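Asks: Questions regarding the structure given below will be posed in turn.
The values are calculated or read from the model by the stated rules, or taken from the named source; none is laboratory data. Everything numeric here is computed off the predicted structure, so don't read it as measured data. With ideal geometry, Cβ positions are generated from the backbone for all residues, glycine too; neighbour counts draw on all protein chains shown.
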Amino acid sequence: MSKTINNSRRQFIQHSLLGAVAATFPGLLLADMGQLKRTATPSFNPDVEIEFTARRAQIGIFSNGPVTQVQKFSASLSKGPANALTELPNNYLGPILNFQQGQKVRVFFNNKLNEPSIIHWHGLHVPQHSDGHPMYSINPGEQYVYEFEVLNRAGTSFYHSHSHNLTAEQVYRGLAGLIIVNDENEAKLDLPRGEYDLPLVIQDRSFDSQNQLQYIHAMPERIMGFLGSSILVNGKPDAEFSVKSRAYRFRAANGSNSRIYKLGWDDGTPLTAIGTDAGLLPTPETRPYIMLAPGERVDLWLDFSGRAVGSKLTLYSLPYSGVMPGMGGMGGGGMGMMRNRLPQGGKFPIATFKISEKVSDSPKLPEKLVPFQRLTERDVDNTNDPLPIAISMQHMKPLLNGHSFAMDRVLDFEKVALGSIKKIKIFHAQGQHGGMGMLGGIQHGDDDHSASNERGMRRMGGMGGMGGMGGMGMMMDMAHPIHLHGQQYQILSRKTANVNATNYATVKDGFIDSGWKDTVLVMPGETVEIAKPFQDYKGLFLYHCHNLEHEDLGMMRQFLIG
Ligand code: C2O
Ligand code: CU
Ligand code: CU
């Protein structure tokens, strides 16, 4: 297990106390920033109070052979409705959290691991001190207190550890779980509930002959991202669901480190989505297949009505191409990675659904779900001057906006006015053919790194044609799931002029861009523009690649909302 522990949080806090970062962070936030929240606020009266613990554990993942050493979140409810926690029995995944919009939640997090950790509530719109920013990582034996109100609409989110440089491995070893939010608008709809509303957390893992998790630590595998040899659903291999001949809601979440799924049925039946990342869609969307990148969620409406008892349906990840460097077609082995791993873009089964009982009544797919205001160019205050999120790489480090993550840094254009709605343009900084065309977008006036950064970017631009391992081509040839903390956003456009049309054709019908999102898959050559509200909370909110190996390698930055 990696023992690389990042000390920058401690240093950061010391700097803050000395006022040494005053030039970077405005005074209004300095007092609050970096202070670990150790005690409950007496005036905050929670509806739900949960005691969370992260610790090492042994779980029987396989029905045969030794138990597996994992890291696990466990939780107990000290206040609130009994259904606020749903345990997945005998599982490395933490319990499912069931919240109601408007609830006030307090969480005491106890770190009983032997390394730092902190929990992030991915998808929830919460204040900085409760967002699990890695500066709040706590050491073994310490406790952190979260307090927030559930502002989110009904939808599916998930929580995971977020301690910088340790995130990928801790999530891999088990530190994650699902979050469900319900609200009144959703309650008015006739959606599948109870035993017909089920989680579908998809992850890939590799095990040795003793059932122990294998992870990667060396380059170049880290830069490619971890790809495992078996698929687990809700923490178990060979998932089979026994279902009745009616409609179900399956809350699919991609909890994998770097694997991208193309969800589809083996018999070509289309798939229907009723929700994306953290909210219901305005209307259901039916697609031949649905792409699901790390960090993304999709609420599926799976209707088994009319299927014969005893029949089986298999949900696959279908073949696609073009998200990994140096792999023309499917497969993308080629680089001598961990043996037996399933190739990114290969075809493999995810879960089987066996019709075990005939029933005659089933909810019908609603024509309309929950309407919301569609954000357009008119709603943002910077139509012609989008904030950039530029994807690039230098010296085998994946970067955003030309920089690696630094706990105590924000660039000028990363300072955003509270209450604004911004257009953000996510793009590959080196054009597909080695040009520098897009770089103009990030010359907003940088911090004191700007001169060297600019030189760096030019140098990289000049190398653009090299491609291959270590060359610029590699990052451009990878797809990156870009995640923003805080409020959900909407997708304004995808610009595909520079994509490889043959590859892109294998994924393009699987993007559901009509809902609220917090993670978007940006394909090689693609430019995605989003409208992102920065409302309610001041402070530091991360944006990063949710390929967790990339995130830990520094492909993360932050906005300072103030
Ligand atoms: Cu799920 Cu900052 O991430
Ligand atoms: Cu997040
Ligand atoms: Cu990435």
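Asks: In the stretch 100-152, what residues are in contact with a helix residue (DSSP H, G or I) (Cβ under 7 Å, 6 or more places away or on another chain) and among the β-branched types (Val, Ile, Thr)? Don't jump to the end; show me each part of the working.
Replies: Going residue by residue through the stretch 100-152, those that are in contact with a helix residue (DSSP H, G or I) (Cβ under 7 Å, 6 or more places away or on another chain) are 117-118, 134-135, 137, 144, 146-148.
Answer for the stretch 100-152, where residues must be in contact with a helix residue (DSSP H, G or I) (Cβ under 7 Å, 6 or more places away or on another chain) and among the β-branched types (Val, Ile, Thr): just Ile118.
Asks: Shifting gears a bit: Out of all the residues in the stretch 224-243, is one or more crowded, with 21+ Cβ neighbours inside 10 Å, aliphatic (A, V, I, L, M), outside any strand (DSSP E or B) and over 18 Å from the mean Cα position of the chain (by Cα)?
Replies: No, the stretch 224-243 contains no residue that is crowded, with 21+ Cβ neighbours inside 10 Å, aliphatic (A, V, I, L, M), outside any strand (DSSP E or B) and over 18 Å from the mean Cα position of the chain (by Cα).
Asks: Quickly run through the stretch 185-194 and pick out the residues that are surrounded by fewer than 19 Cβ atoms within 10 Å (Cβ to Cβ) and in contact with a strand residue (DSSP E or B) (Cβ under 9 Å, 6 or more places away or on another chain).
Replies: To start, the set of residues in the stretch 185-194 that are surrounded by fewer than 19 Cβ atoms within 10 Å (Cβ to Cβ) comprises 185, 187-190, 193-194.
Correct list: Asn185, Leu189, Arg193.
Asks: Here's another thing I want to ask about it. How many residues does the stretch 139-198 contain that are in contact with a Ser or Thr (Cβ under 6 Å, 6 or more places away or on another chain) and more than 21 Å from Ser74 (Cβ to Cβ)?
Replies: Of the residues in the stretch 139-198, 1 are in contact with a Ser or Thr (Cβ under 6 Å, 6 or more places away or on another chain) and more than 21 Å from Ser74 (Cβ to Cβ).
Asks: Now, a different point. Out of Leu77, Leu93, Leu85, Leu97, report the one residue that is outside the structural domain of Leu484 (by TED's automatic domain parsing), of a type in the set (A, V, I, L, M, F, W, C), surrounded by fewer than 19 Cβ atoms within 10 Å (Cβ to Cβ) and touching a Leu at 6+ places or on another chain (Cβ under 8 Å). Break it down into steps so the answer makes sense when it comes.
Replies: On the way: Leu93 fails: surrounded by fewer than 19 Cβ atoms within 10 Å (Cβ to Cβ); Leu85 fails: surrounded by fewer than 19 Cβ atoms within 10 Å (Cβ to Cβ); Leu97 fails: surrounded by fewer than 19 Cβ atoms within 10 Å (Cβ to Cβ).
Matching residue, one of Leu77, Leu93, Leu85, Leu97: Leu77.
Asks: Of all residues in the stretch 105-164, which are more than 14 Å from ligand 2 (Cβ to nearest atom) and of a type in the set (D, E, K, R)?
Replies: Arg106, Lys112, Glu115, Glu142, Glu147, Glu149, Arg153
Quick grid of which residues meet (1) in contact with a His (Cβ under 7 Å, 6 or more places away or on another chain); (2) away from ligand 1 (no atom under 11 Å from the Cβ):
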residue: Met523; (1), (2): no, yes
residue: Val528; (1), (2): no, yes
residue: Phe534; (1), (2): no, yes
residue: Leu548; (1), (2): no, no
residue: Glu551; (1), (2): yes, no
residue: Met556; (1), (2): yes, no
residue: Ile561; (1), (2): no, yes
